[in-house]
Structure formats: C-alpha cells, structure tokens
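Since the structure comes first, as structure tokens, the remarks are kept for the end.
The values are calculated or read from the model by the stated rules, or taken from the named source; none is laboratory data. Fair warning: this is a prediction, and the values are worked out from it, not measured in the lab. Note that we place each Cβ from the backbone using ideal geometry, even for glycine, and neighbour counts take in every protein chain shown.
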Amino acid sequence: MGGWIDAMTTADRFSTSWLQARDRFRIAAAAHPHHVDSGALEVVDGLTIDWAWTGARAAKQVLVFSSGLHGIEGYAGCAAQLEMIAAGAPTPTLWLHALNPWGMKHWRRVNEANVDLNRGFLPPGTPWSGDDRDYNKLDDLLNPKRPPGFELFWPRLVALLARHGLPTLRNVVARGQYSHPQGVFFCGEAPQPTAEIVVDLVERELAGRERVVWIDLHTARGPRGQYVAFLDGEPETEQTTRAKNIFGDALRAWVAGSEDGYDMRGGMLREIGRRLSGVRYDGLTVEFGTVSDIAIIRAMRIENQLFFHGPEELRGPRVDLAHAARRAMQAAFCPDDPHWRQHVLTASGRILDQARELIAAP
C-alpha cells in the first residue's frame, strides 16, 4: 500500500495501549486501497469496538477477522490485523478491532464485569448456569481470597494432574463457571453488552450473505512459535476435510477430552454460526502459541488474585506492568519477545492467504 503502514516495524505493529492500537487500526483501515467504510461502537467508559470494511460491501462471500475478545490477547491480534491490512487484498473483508476494549486497556483477559466474553454468547433462553461438577473442588486453588504470595500451587497442581490428567483438568477449568463472580473463567449472570453489540453488528452486516469465513485471533494455546486453528462447533466431515486441506497440521479438534479441546459453553463463533442461519459458514479460532497450559492458568490465577485481593494501591484496574502478576500475564498472552512477535506477523500473512483460499474452496 505504501506510506506509513508499510514502513511500520515489528515494534510499531505491537501497540503499548488500547488507544494506540485503536488509532493505528483506524489509520491503516482508511489507507487500505479497497477501504469502503469504517465505524466505532461504544462499549463502556468511552471505549469502542472499531470496525472497517474493505472490498465490495455487497459481496455474497465475506471474510471476517476479529481481535481482542480476550482483552490482553488483542495486542497480538491487532498487530496481526495491521499486518494483514497492509497486504491490501481486494477480498471483501469485515475487520473487527478489539472486541473487549476494557480488558485490552487494563491488560486483563476479561471485561469490566470479570466475564470471559468467549463464554458469554449463550443463545437466548439458555440458563446462565452449568459449572463443571468438580470446579468447586478447585476453587481455593484457582481463586485464593488473599494477596499473591508464597503458596503451594505447584505441588497441589502436580497432585491433581497425577490423579486426573491434563485434559480432564483443562475441561473442568476452561469450560467456564457461573458461581464465582471473582473467579477465573467466569461466564457472567446475564448477556454482556459487548456480546449484544457484536451480535447486532453481525445480523446487520452479514445477513443475506452466502458464504462467511470468520477468523477470531487469540494467543496462548499451541506450541510457542507456531499457530493452531480450531474449527468451531460440530463441523461436518466436509468442513473438516476442506479446512484440513488448507490449514494442514495446524488444524486441531475442539472436543472435550482431546489433546487440545474442552467442552466450552457460550463461545462467540458457535453463536455467530447459529445466527447466520442459511449461510455457509466456517468459524475458526486461530491461536498464536506462547507458554504451557499450566503456565497460562497460573498467570491468570495470580493476576486475578492481585486484581481482587491485592494491596489497595495495586488492586482493581490499575496497570502496573512491573508487578510479577502483570509480567506473568504478558508472558502468557503477549510475550515481549521480538522473535515471537515477528513470528506472529509472519504467520499473519499465511493465515490471510489460507482464509482467502478457504472462502474460495468449493
């Protein structure tokens, strides 16, 4: 495309604040050679979800790239979007920037109500309940009601792993819970405004399309220095085969008890697929791998401790990236590692090409 967006370095792609990332997205989208429209939807405290259309607005086949559903993960997801936008591809695309701007601003994974938004897209009429029966047994380990400090976390966790195995524990923890509002993986007690905003946008902008491929960008899962793609929902054989032919070994199963999956309720991509009735739809969660699942859970645990039970001067939405809990979150979800960050940008070009191939596949 030329100009400012092409001249950005790796460091420039990775913003240091939500506001900086938002401004860069707006500038990059407006500079796209096929830009046709942009807008912003206010969520909370003046923070916005920004969107942009590139390519033919009335096209029947549309790509969607979204970032930041898990706040802090948006720093890498937004960098990936900048890299993709710089390619200037003509493919009709809806870009959704920072779906959880509050979480991104405060370097948290959740929103202002401590809700994991990727557990908050339950279909209307679905009860807001359904904890795994074993979650309460882990509550003191996962959500200690005291400031971060010396604890026997690792010995207790090793004992649980020896007894139950990682896939079982992953499913207990990551599927989400409804009983501990100050706990990790809290799903909420009612629909969140962000979820309603996203669903309204989807029904307004994507209704009447024939084909939609949605790529939701995340971080943490998978081997470091690689990306993995989870085909959402319960895909038919032909969907899986088609995606496997394009994504190869990066395609993984999102099935409880499998090596990588778990039984998640309220996922965004599954609900989007339900709303796009009659549309040929593939929703994929693409994850840029960082650290182990255990390190991810530990980082979320101590950051949650600090937020709710830490010293008064550090408690709540105060960003202190020098604190060990914040550093652990950054290491888990957006490592300050130039090699890892360059991998994200390099992989983004491949993911864009694969998405374009997938939407064109018969």
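Among the residues that make up segment 276-299, is at least one of them of a type in the set (K, R) and under 26 Å from T194 (Cβ atoms)?
no
I'm checking my understanding of the structure. Among residues of segment 230-267 that are closer than 25 Å to D134 by Cα and among the aliphatic types (A, V, I, L, M), which one is modelled with the lowest pLDDT?
A256
For D263, are the conditions met, namely being crowded, with 21+ Cβ neighbours inside 10 Å, of a type in the set (D, E) and in contact (Cβ under 8 Å) with a residue 60 or more places away in the chain?
no
Anything in segment 16-44 that is among the aliphatic types (A, V, I, L, M) and either within 18 Å of H106 (Cβ to Cβ) or not assigned by TED's automatic domain parsing to the domain that holds W102 (or both)? List them, or say none.
Those that are among the aliphatic types (A, V, I, L, M) and either within 18 Å of H106 (Cβ to Cβ) or not assigned by TED's automatic domain parsing to the domain that holds W102 (or both): L19, A21, V43, V44.
Give the residue, chosen from T194, T219, T237, that is polar (S, T, N, Q) and either surrounded by fewer than 20 Cβ atoms within 10 Å (Cβ to Cβ) or at positive phi (or both).
Only one candidate qualifies: T237.
Return a yes/no flag: does segment 350-359 have any residue that is touching a His at 6+ places or on another chain (Cβ under 9 Å) and modelled with pLDDT of 95 or more.
Checked segment 350-359: no residue is touching a His at 6+ places or on another chain (Cβ under 9 Å) and modelled with pLDDT of 95 or more.
Taking S67 as the residue in question, decide whether it is surrounded by fewer than 18 Cβ atoms within 10 Å (Cβ to Cβ) and hydroxyl-bearing (S, T, Y).
Taking the combined requirement at face value, the residue does not satisfy it.
All but one of (1) surrounded by fewer than 22 Cβ atoms within 10 Å (Cβ to Cβ); (2) not assigned by TED's automatic domain parsing to the domain that holds M268 hold for G176; state the number of the condition that does not hold.
(1)
Go through segment 267-300 and report how many residues are within 16 Å of the chain's Cα centre (by Cα) and assigned to a loop (DSSP other than H, G, I, E, B).
Qualifying residue count, segment 267-300: 3.
Among P311, P338, which is outside the structural domain of K244 (by TED's automatic domain parsing), in contact (Cβ under 8 Å) with a residue 40 or more places away in the chain and more than 18 Å from the chain's Cα centre (by Cα)?
That would be P311, the only listed residue that is outside the structural domain of K244 (by TED's automatic domain parsing), in contact (Cβ under 8 Å) with a residue 40 or more places away in the chain and more than 18 Å from the chain's Cα centre (by Cα).
Please go through segment 178-205 and give me each residue that is assigned to a loop (DSSP other than H, G, I, E, B), closer than 26 Å to L306 by Cβ and not charged (D, E, K, R), ordered by number.
Y178, S179, H180, P181, Q182, G183, V184, F185, C187, G188, Q192 - these are the residues of segment 178-205 that are assigned to a loop (DSSP other than H, G, I, E, B), closer than 26 Å to L306 by Cβ and not charged (D, E, K, R).
State which residue is surrounded by the fewest Cβ atoms within 10 Å (Cβ to Cβ) when the search covers only segment 87-140 and only residues that are among the aromatic types (F, W, Y) and under 17 Å from the mean Cα position of the chain (by Cα).
By that ranking, first place goes to W102.
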